[in-house]
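Colleague: Sending over a structure as structure tokens; questions will come in a sec.
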């Protein structure tokens with residue numbers, strides 16, 4: 001029989017108030033609190049804290065403070081050269097994977113946690129978690145919300161304010177609520193970087 005802690009990553013229903021879970025969670029949340037108290041000039045200290053906090057931290061990961069995470073980022077796995085703007089919220093009760101060179105705009109939420117529809121189970125405090133995978137070289141626009149279990153392919157752009165409820169393939173621009181593919185990244189994008197602005 002699985003322990004509550006093992007159920008964090010299995011997709012099974014569990015109780016997040018279990019003592020073993022809360023003890024570990026508080027340790028990483030304390031590190032996160034320390035991170036958010038650093039000054040912008042304390043780049044070395046921020047880098048050291050990120051390496052302690054995150055599950056994986058590639059080279060040149062930069063997360064603007066404040067950063068919010070249920071598990072203090074412990075279940076976040078960031079590749080190299082990942083940049084996240086202000087107010088990134090990672091509901092990292094299970095794993096969040098972000099590929100190399102991905103940029104995340106301000107006020108983005110990446111959620112892994114869900115609660116049962118059945119009111120009786122919610123009243124007992126049950127929860128379940130599904131991992132999120134974001135590919136390499138993506139751009140997640142400001143205010144986007146990425147829901148549990150979603151996969152976003154390499155090189156994809158998610159428009160600002162989008163709510164991503166289903167998988168999005170690689171090499172596309174996707175926008176909206178719910179987020180849908182608008183178009184492929186194409187030859188036009190090799191010539192223009194913004195509207196009629198030529199590269």
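Derivation of every value follows stated rules applied to the coordinates shown; laboratory data play no part. In this text the structure is predicted, and so the values were computed from the model without any measurement. Backbone-built Cβ (ideal geometry, glycine too); neighbour counts: all protein chains shown.
Colleague: How are the alpha carbon pair distances in segment 96-171 distributed across 10 Å bins from zero to the largest one, expressed in percent?
Modeller: 21, 48, 19, 11, 1
Colleague: Just from its helices, what would the mean residue ellipticity at 222 nm be for the chain, if runs of 4 or more DSSP H residues each count -39500 (n - 2.57) and the sum is divided by every residue, rounded to the nearest 500 deg cm²/dmol?
Modeller: -6000 deg cm²/dmol
Colleague: At a Förster radius of 41 Å, what calculated FRET efficiency corresponds to the Cβ-Cβ distance of residue 189 and residue 19, to the nearest 0.05?
Modeller: Using R0 = 41 Å, I get an efficiency of 0.20.
Colleague: OK, next. Could you give the length gained by full extension between residue 34 and residue 199, i.e. 0.36 nm per residue of separation minus their alpha carbon distance, to one decimal place?
Modeller: Taking residue 34 through residue 199 to full extension adds about 55.3 nm, to one decimal.
Colleague: Another one. Can you tell me how much longer the chain between residue 4 and residue 180 gets when fully stretched, taken as 0.36 nm per residue apart minus their C-alpha distance, in nm with one decimal?
Modeller: 59.8 nm
Colleague: Just want to confirm a number: the relative contact order over segment 37-153, from Cα pairs under 8 angstrom separated by 6+ residues, in percent.
Modeller: 20
Colleague: For each of 188, 95, count neighbouring Cβ atoms within 10 Å of the residue's Cβ, then give the residues from fewest to most.
Modeller: 188, 95
Colleague: Can you put 194, 97, 86 in order, fewest other beta carbons within 10 Å first?
Modeller: Ascending Cβ contact count within 10 Å gives the list 194, 86, 97.
Colleague: Also, quick follow-up: Between residue 154 and residue 109, what is the label-point separation in nm under the 7 Å Cα-to-beta-carbon projection?
Modeller: 3.1
Colleague: Another one. May I ask you to derive the relative contact order of segment 50-89, considering only C-alpha pairs under 8 Å and at least 6 residues apart, and to give it as an integer percent?
Modeller: Once normalised by length, the contact order is 51 percent.
Colleague: Additional query: Explain nothing, just the number: relative contact order of the chain, from Cα pairs under 8 Å at least 6 residues apart, as a whole percent.
Modeller: 13
Colleague: For segment 135-184, what ratio Rg/Rh do Cα atoms give with a Kirkwood hydrodynamic radius?
Modeller: Taking Rh as the inverse mean 1/r over Cα pairs, Rg/Rh reads 0.90.
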